[in-house]
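Quick notes on the structure that follows.
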Amino acid sequence: MTRRLTVAAFVVAGLIAATASVIASATGLGDLFTPVPSQHASPPELRLADLDGRPRALPEFLGRVVVVNFWASWCTPCVKELPSMQVVRNRLAAEPFEFIAVNVGEDAGQVAAFLQRFDPPLDFPVLLDENMVVTKQWKVRALPTSYIVDRAGRARYIATGARNFDAPEVFNAIRVLIAENSTTEQDD
């Protein structure tokens, strides 16, 4: 019963976020991503198993710009943005960049079966937050939610609601962060 209420809350919050996103886009009031305040730049721990049961953690990706995307198979906006994530990953294959897709509340069997529908297949890391502990620590209020973490491991931007990651303005924002951190490394 509690799990159903939690799922229902995510659905309602997702619909509210999607509506707000459409209104913001239509009026020009919002950006694609909101900057994360500097006092919250250190993201919470992210240590979860992937679909093969291997433990993965955010520090493994230090030195790369990482988009941490919280999603679920029942979330239509989440499903819609997954292919654009793969397109961007392919386009940035030679760059220090990665997507991490954190599935919220579903087990490995459900997620693996669901991912079979994608052609071409998604080949970025998919992690499982079956009990939604990490999702709560990251203060995810609606699905999908994406955080962009820079190469130094700082959370820089957050987006609630679906994004087309292959859209020029999103793709270019990611490229700017990759370049920004490259310049900082050269100065050190």
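Among 90-96, 174-180, the peptide with the highest mean count of other Cβ atoms within 10 Å heads the list, and the full ranking is 174-180, 90-96.
In this structure, the amide hydrogen of Ile158, modeled 1.01 Å from its nitrogen in the peptide plane, lies closer than 5 angstrom to those of Thr34, Val36, Ile148, counting only residues at least 5 positions away or on a different chain.
Computed 3J(HN,Hα) for the range 56-70, one whole-Hz value per residue from the Karplus formula 6.51 cos²θ - 1.76 cosθ + 1.60 where θ = phi - 60°, is 10, 9, 4, x, 4, 9, 4, x, 10, 6, 10, 9, 9, 10, 9, glycine and proline marked x. Phi-derived couplings, Karplus 6.51 cos²θ - 1.76 cosθ + 1.60 at θ = phi - 60°, listed residue by residue for the range 99-106: 9, 10, 9, 9, 6, 9, x, 10 Hz, with x used for Gly and Pro. Close amide H pairs (under 5 Å, H built 1.01 Å from N) link Val102 with Asn69, Phe70, Trp71, Leu127, residues at least 5 positions away or on another chain.
Every read-out reported here was derived from the displayed coordinates using simple, explicitly stated rules and does not represent laboratory data. Note that the structure is predicted; figures quoted are calculated from it, not measured. Note that we place each Cβ from the backbone using ideal geometry, even for glycine, and neighbour counts take in every protein chain shown.
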